[in-house]
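As structure tokens, the structure follows; a few thoughts come after it.
The values are calculated or read from the model by the stated rules, or taken from the named source; none is laboratory data. These numbers were taken from a predicted model, which means no experiment stands behind them. Here the Cβ is made from the backbone with ideal geometry for all residues, glycine too, and neighbour counts use every protein chain on show. We work out accessible area using only protein heavy atoms, side chains counted, and drop any ligands, DNA or RNA first. Shrake-Rupley method; radii C 1.70, N 1.55, O 1.52, S 1.80 Å.
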Amino acid sequence: MGKNLVIVESPAKAKTIGKFLGKNYTVKASVGHIRDLPKSKLGVDVENDFEPQYITIRGKGSVVNELKKQAKKSDKVYLATDPDREGEAISWHLAYLLGLNEEEPIRIEFNEITKDAIKKAIKHPRKIDRPLVDAQQARRVVDRLVGYKISPILWAKIRKGLSAGRVQSVATKLICDRENEINAFEPEEYWSIDAITQIDKKNKVDFKFYGDEKGKIELHSKDEVDLILKSIKNKDLVIKAVEKKERKRSAPKPFTTSSLQQEASGKLSFTTKKTMIVAQQLYEGVDIKGKGSLGLITYIRTDSFRISDEAQENAKNYINDKYGKDYFKKYQNNSKSKKKIQDAHECIRPSYVDLAPEDIEDSLTKEQFKLYKLIWERFIATMMADAIYDSQNISASIDKYIFKTSGSKLKFDGFMKVYSFSSQEETILPDMKEESVFPVKKIDPKQHFTQPPARYSEASLVKTLEELGIGRPSTYAPTISTILQRDYVEKKGNSLIPTELGFIVTEIMSENFKEIVDYTFTADMENNLDKIEDGEIEWQNIVKDFYSPLEESIEKAVENIEKVILEEKTDEICDICGSEMVIKFGRFGKFIACKNYPECKGTKPILERIGIKCPECSDGDVIIRKTKKGRIFYGCSSFPKCRFVSWDRPNGEKCPKCDSFLVIAKTKTTEKIKCSNKECDYEK
């Protein structure tokens with residue numbers, strides 16, 4: 001048997017696959033894309049049916065030469081890039097550069113990097129899926145036309161370094177629209193009334209006001225509440241109805257790309273970018289002690305909930321052996337994705353279900369372990385029985401008004417044996433019978449106000465983009481990274497907040513390129529890409545239909561958009577020429593510069609003061625600073641003269657025990673004031 005060449009994208013993937021194929025196979029990596037549109041020009045021949053003008057990516061010449069050399073020495077060449085549009089396009093470009101016939105069976109694909117999957121793929125090669133390639137080409141060309149046609153307008157009218165993009169512009173608009181909703185929000189008053197009732201010596205139960213016998217009553221003023229309080233004052237609570245029933249909670253679906261990003265954000269505090277980087281490592285292969293390099297999870301860009309029969313059988317055996325047969329529940333492969341693009345794949349799941357996270361923890365980094373554990377537990381839970389609760393709903397009356405309470409007790413943990421939720425606390429109620437009468441110990445009326453909609457987090461933005469059908473799994477993380485890097489959006493805590501620049505760019509895009517930032521239009525484009533993939537329409541037709549109105553909008557925009565001067569006045573005076581200084585926007589955010597900049601090079605950093613004096617030197621102010629990785633800390637405005645630093649925010653007070661400065665220490669769930677002196681235990 002002669003030598004065969006297998007080409008993948010990454011060296012890590014090559015290493016993992018290489019050990020499964022043996023000495024008759026050479027596995028090489030293309031290290032991502034090797035051919036793309038040029039960066040220096042549009043690279044799309046608009047007059048010639050939008051023909052892309054591909055070039056070999058700068059710096060990839062040596063990689064291409066090595067692959068050509070290996071291909072010449074090989075009897076067969078297999079292209080084993082990722083099983084999606086992007087991977088199919090990479091294989092198509094490789095076939096072109098290596099002189100391979102794309103109509104021959106040279107393409108192999110697999111959803112997981114295991115020995116069985118690789119061997120099976122090698123036995124069943126196929127020709128390159130040209131409609132899949134065309135769908136990727138259409139996306140690439142459309143995105144290039146948007147970026148390279150609109151971005152120069154933003155450079156001319158606002159500043160250099162800005163960019164427009166089909167998905168990024170919509171994502172920025174979503175965040176700006178939400179901020180406008182928050183600013184326009186007017187809170188409404190509402191009230192609640194709790195009746196704390198003494199059931200027996202040990203148990204107090206909190207009943208909540210519901211309404212009267214006619215139905216639910218919304219309370220909007222103190223006057224309404226006072227009438228009810230007057231009516232129920234010094235009166236007992238009478239149990240009117242006790243409903244007992246069994247309630248089931250089903251296991252969650254297995255992970256897709258979107259749900260993994262959302263759950264990793266909520267449970268692990270991972271950004272979408274970090275989640276995808278770590279997931280890629282787990283997919284391509286990690287060195288496991290005693291086992292070598294193993295791909296630990298299936299392919300990470302998927303919209304599918306499907307689980308293969310083999311994986312289901314392995315999970316069934318594991319659950320039956322580990323937890324008992326009562327814990328297993330057959331999984332139904334009947335949840336169809338709304339989008340077909342990646343539904344041929346499976347969900348994201350462990351490749352080896354018997355490799356429990358704890359068994360390989362010492363072979364993984366902290367981040368890899370956390371994410372693998374999340375994926376492994378979610379998959380096992382998906383194949384497990386429902387959790388069962390005994391629940392009670394109790395309705396009671398005080399005078400003519402109805403109060404209600406509910407409780408539940410976990411009867412069978414089912415899937416929750418391995419996969420927990422933060423909201424699963426039990427509220428166990430004592431036995432109460434109808435017509436029982438109990439004294440009311442306390443009536444607790446509370447005033448509330450409705451809250452504005454929450455700002456987007458990375459997780460909730462991904463969820464919204466998915467619900468609107470905008471973008472695809474592979475686009476969410478880079479989209480969020482781009483709008484943060486461009487300074488259209490900033491991140492405070494978990495919240496994504498639009499900057500002034502983000503508002504300005506969104507306003508310009510909305511007024512001049514309505515279709516680009518229209519949610520429905522952008523979602524329809526994704527549907528059209530699916531149709532190209534299915535061979536229903538030619539990709540050039542979609543690009544043509546898109547480009548004609550874009551060209552008209554560009555011509556009008558050049559004339560209509562007035563130049564935006566992004567400057568804010570300050571009280572600072574330039575040390576070089578004595579002119580007033582202004583806040584300008586640069587590639588790396590805001591900075592203070594001389595009004596005559598760039599002719600005069602006078603600049604200063606922007607100091608974000610928190611309103612208290614430095615606790616060490618008393619001359620400077622405490623300012624917010626950031627590490628290179630973006631972590632916030634607090635320092636003195638007189639640095640480097642004063643080198644005061646603190647990870648926690650000083651509050652301007654002194655410790656009553658040791659006279660050191662106090663700080664506000666925050667965790668995910670708590671906030672407390674404590675002494676900055678580690679030897680002192682004062683806190684409140």
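Figure note: PHE379, PHE369, PHE639 ranked by solvent-accessible area, largest first, 1.4 Å probe, ligands and nucleic acids not counted: PHE639, PHE369, PHE379. Sorting THR522, THR26 on solvent-accessible area from highest to lowest, probe radius 1.4 Å, gives THR26, THR522.
A straight line joining the Cα centroids of segment 593-612 and segment 207-247 runs 60 Å.
Summary value for segment 546-684: 10 percent relative contact order, contacts being C-alpha pairs under 8 angstrom separated by 6+ residues.
Rg ratio for segment 155-241: its Cα radius of gyration over 2.2 N^0.38 Å, N being its residue count, equals 2.12.
Looking at segment 69-204, the pairs of alpha carbons with a distance over 21 Å make up 67% of the total.
The alpha carbon gyration tensor of segment 404-484 gives principal lengths a ≥ b ≥ c with a/c of 1.5 or higher and a/b no greater than b/c, which makes the shape oblate.
State to the nearest 20 debye the size of the charge dipole of the chain about its Cα centre, where the only charges are +1 on K and R beta carbons and -1 on D and E beta carbons.
2480
Relative contact order of segment 632-678, taken over Cα pairs closer than 8 Å and 6 or more residues apart, is 25 percent. If you take Cα Rg over 2.2 N^0.38 Å from the coordinates, which of [x] 1.17; [y] 0.96; [z] 1.06 do you get? Correct label, based on the coordinates given: [x].
When nucleic acids and ligands are ignored and a 1.4 Å probe is applied, PHE270 ends up with an accessible area of around 10 Å². Look at the alpha carbon pairs under 8 Å that are at least 6 residues apart: their mean separation over the length of the chain gives a relative contact order of 14 percent.
Rolling a 1.4 Å probe over the protein heavy atoms gives the chain an accessible area of 52 Å² per residue.
For segment 102-204, the list of GluC sites (Glu not before Pro) that fall in a loop by DSSP and count at most 12 other C-beta atoms within 10 angstrom reads GLU103, GLU188.
Computed over protein heavy atoms with a 1.4 Å probe, the carbon and sulfur contribution to the accessible area of the chain reaches 47%. In this view, the solvent-accessible surface of ARG139, computed with a 1.4 Å probe and all protein chains in place, comes to about 30 Å².
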